[in-house]
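The values are calculated or read from the model by the stated rules, or taken from the named source; none is laboratory data. Keep in mind that what you see is a predicted model, and the values were worked out from it rather than measured. Every residue, glycine as well, gets a Cβ built from its backbone with ideal geometry; the counts of neighbours run over all protein chains shown.
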Amino acid sequence: MNQIISVESLWQKIKFAENGLIPAIAQSIETKEILMLAYMNQESLIKTLQTGKIHYWSRSRQKIWLKGETSGHLQFLEQIYLDCDGDTLLLLIKQIGPACHTGKPNCFFQQINFSKDLSLPEEIK
(Lines give C-alpha, C1' and ligand atoms only; values in the text may rest on other atoms or scores of the structure.)
Protein backbone atom coordinates (compact mmCIF):
# COMPACT_ATOMS: atom_id res chain seq x y z
CA MET A 1 0.00 0.00 0.00
CA ASN A 2 1.30 3.44 -0.92
CA GLN A 3 2.06 6.06 1.68
CA ILE A 4 0.50 9.38 0.69
CA ILE A 5 2.51 12.49 1.51
CA SER A 6 1.44 16.08 1.04
CA VAL A 7 3.26 18.55 -1.17
CA GLU A 8 4.11 20.48 1.99
CA SER A 9 5.87 17.47 3.54
CA LEU A 10 7.57 16.68 0.22
CA TRP A 11 9.96 19.59 0.77
CA GLN A 12 11.08 18.08 4.07
CA LYS A 13 11.57 14.58 2.60
CA ILE A 14 13.11 15.31 -0.79
CA LYS A 15 16.90 15.22 -1.10
CA PHE A 16 18.30 17.19 -3.99
CA ALA A 17 21.94 16.40 -4.81
CA GLU A 18 24.68 18.94 -4.10
CA ASN A 19 24.16 20.34 -7.60
CA GLY A 20 20.49 21.00 -6.75
CA LEU A 21 19.16 18.23 -8.99
CA ILE A 22 17.17 15.06 -8.48
CA PRO A 23 16.77 12.26 -11.05
CA ALA A 24 13.25 11.92 -12.42
CA ILE A 25 12.17 8.72 -14.15
CA ALA A 26 9.28 9.19 -16.58
CA GLN A 27 7.02 6.14 -16.91
CA SER A 28 3.90 5.79 -19.03
CA ILE A 29 0.85 5.48 -16.78
CA GLU A 30 -0.90 3.57 -19.57
CA THR A 31 1.72 0.99 -20.61
CA LYS A 32 4.07 1.12 -17.56
CA GLU A 33 6.96 1.49 -20.04
CA ILE A 34 9.97 3.45 -18.76
CA LEU A 35 10.24 6.34 -21.19
CA MET A 36 13.20 8.40 -20.06
CA LEU A 37 15.37 9.68 -17.25
CA ALA A 38 15.95 13.38 -16.78
CA TYR A 39 16.69 15.74 -13.92
CA MET A 40 14.65 18.28 -12.03
CA ASN A 41 15.59 21.11 -9.74
CA GLN A 42 13.27 22.70 -7.22
CA GLU A 43 11.95 25.26 -9.70
CA SER A 44 11.19 22.71 -12.44
CA LEU A 45 9.45 20.47 -9.91
CA ILE A 46 7.32 23.38 -8.69
CA LYS A 47 6.37 24.29 -12.29
CA THR A 48 5.46 20.66 -12.93
CA LEU A 49 3.27 20.47 -9.83
CA GLN A 50 1.60 23.79 -10.62
CA THR A 51 0.90 23.18 -14.32
CA GLY A 52 0.65 19.39 -14.63
CA LYS A 53 3.07 19.62 -17.57
CA ILE A 54 6.50 18.10 -17.02
CA HIS A 55 9.39 20.55 -16.72
CA TYR A 56 12.97 19.35 -16.42
CA TRP A 57 16.35 20.95 -15.82
CA SER A 58 18.64 20.73 -18.84
CA ARG A 59 22.16 20.01 -17.65
CA SER A 60 23.60 20.85 -21.07
CA ARG A 61 21.72 24.13 -21.55
CA GLN A 62 21.63 25.01 -17.83
CA LYS A 63 17.97 26.02 -17.92
CA ILE A 64 14.47 24.70 -17.32
CA TRP A 65 12.71 23.16 -20.28
CA LEU A 66 9.13 22.12 -20.81
CA LYS A 67 9.19 18.62 -22.30
CA GLY A 68 7.67 18.83 -25.77
CA GLU A 69 7.69 22.62 -25.95
CA THR A 70 9.14 22.62 -29.48
CA SER A 71 8.21 19.09 -30.66
CA GLY A 72 4.66 19.02 -29.31
CA HIS A 73 5.48 15.73 -27.54
CA LEU A 74 4.29 16.93 -24.16
CA GLN A 75 4.22 14.95 -20.94
CA PHE A 76 1.35 15.37 -18.48
CA LEU A 77 1.74 14.43 -14.82
CA GLU A 78 -0.74 11.85 -13.57
CA GLN A 79 1.01 10.65 -10.38
CA ILE A 80 4.32 11.34 -8.69
CA TYR A 81 6.29 9.20 -6.26
CA LEU A 82 9.35 9.86 -4.12
CA ASP A 83 11.60 6.86 -3.53
CA CYS A 84 12.38 5.50 -0.06
CA ASP A 85 15.66 7.45 0.18
CA GLY A 86 14.07 10.69 -0.99
CA ASP A 87 16.60 11.10 -3.79
CA THR A 88 14.71 9.97 -6.93
CA LEU A 89 11.32 10.85 -8.39
CA LEU A 90 9.07 8.56 -10.41
CA LEU A 91 6.68 10.45 -12.68
CA LEU A 92 3.72 8.50 -14.01
CA ILE A 93 2.80 10.45 -17.08
CA LYS A 94 0.62 10.62 -20.13
CA GLN A 95 2.99 10.98 -23.08
CA ILE A 96 1.94 12.70 -26.31
CA GLY A 97 3.99 11.28 -29.19
CA PRO A 98 7.46 9.79 -28.72
CA ALA A 99 9.37 10.54 -25.52
CA CYS A 100 12.87 10.46 -27.00
CA HIS A 101 14.34 13.38 -28.95
CA THR A 102 15.45 10.80 -31.58
CA GLY A 103 11.81 10.08 -32.39
CA LYS A 104 11.86 6.68 -30.67
CA PRO A 105 9.00 5.89 -28.27
CA ASN A 106 11.43 5.80 -25.33
CA CYS A 107 15.09 6.60 -24.66
CA PHE A 108 16.05 3.00 -23.84
CA PHE A 109 16.32 1.39 -27.27
CA GLN A 110 20.05 0.57 -27.26
CA GLN A 111 20.32 -2.94 -25.84
CA ILE A 112 23.80 -3.90 -24.70
CA ASN A 113 24.98 -7.35 -25.74
CA PHE A 114 26.99 -8.88 -22.89
CA SER A 115 28.11 -12.21 -21.58
CA LYS A 116 29.28 -13.34 -18.16
CA ASP A 117 32.81 -13.92 -19.49
CA LEU A 118 33.08 -10.28 -20.49
CA SER A 119 36.56 -9.04 -21.29
CA LEU A 120 37.03 -5.39 -20.48
CA PRO A 121 39.30 -2.97 -22.31
CA GLU A 122 42.62 -2.39 -20.51
CA GLU A 123 41.79 1.23 -19.62
CA ILE A 124 38.72 0.07 -17.65
CA LYS A 125 40.34 -2.80 -15.77
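Quick one: in region 101-120, which of the residues that are aromatic (Phe, Trp, Tyr) and closer than 26 Å to SER28 by Cβ is surrounded by the most Cβ atoms within 10 Å (Cβ to Cβ)?
PHE108
Those residues that are assigned to a strand (DSSP E or B) and either more than 15 Å from the chain's Cα centre (by Cα) or not β-branched (Val, Ile, Thr) (or both), I need them from region 5-29; list them, please.
Listed by number, the residues that qualify are PRO23, ALA24, ALA26, GLN27, SER28.
Residues LEU37, LEU49, LEU45: which one is in a strand (DSSP E or B), modelled with pLDDT of 95 or more and not small (Gly, Ala, Ser)?
Result of the check over LEU37, LEU49, LEU45: LEU37.
Taking only region 37-68 into account, find how many residues are in contact with a His (Cβ under 8 Å, 6 or more places away or on another chain) and hydroxyl-bearing (Ser, Thr, Tyr).
Going through region 37-68 one residue at a time, the tally reaches 2.
Tell me which residues, restricted to region 69-125, are under 24 Å from LEU49 (Cβ atoms), without any contact (Cβ under 8 Å) to a residue 12 or more places away in the chain and within 17 Å of the chain's Cα centre (by Cα).
Within region 69-125, GLU69, ASP83, CYS84 qualify.
Mind checking which residues of region 70-85 are in contact with a strand residue (DSSP E or B) (Cβ under 9 Å, 6 or more places away or on another chain), surrounded by fewer than 16 Cβ atoms within 10 Å (Cβ to Cβ) and not in a strand (DSSP E or B)?
Within region 70-85, just ASP83 meets the criteria.
Inside region 1-19, can you point out the residues that are in contact with a strand residue (DSSP E or B) (Cβ under 8 Å, 6 or more places away or on another chain) and under 18 Å from LYS63 (Cβ atoms)?
If the condition is that a residue be in contact with a strand residue (DSSP E or B) (Cβ under 8 Å, 6 or more places away or on another chain) and under 18 Å from LYS63 (Cβ atoms), then PHE16 is the only one that fits.
Restrict the check to region 60-68 and report whether at least one residue is at pLDDT 95 or above, exposed (fewer than 12 other Cβ atoms within 10 Å of the Cβ) and closer than 16 Å to LEU82 by Cβ.
Taking every residue of region 60-68 in turn, none turns out to be at pLDDT 95 or above, exposed (fewer than 12 other Cβ atoms within 10 Å of the Cβ) and closer than 16 Å to LEU82 by Cβ.
For the condition at pLDDT 95 or above, in a loop (DSSP other than H, G, I, E, B) and closer than 23 Å to GLN3 by Cα, what is the one hit in LYS32, LYS94?
LYS32
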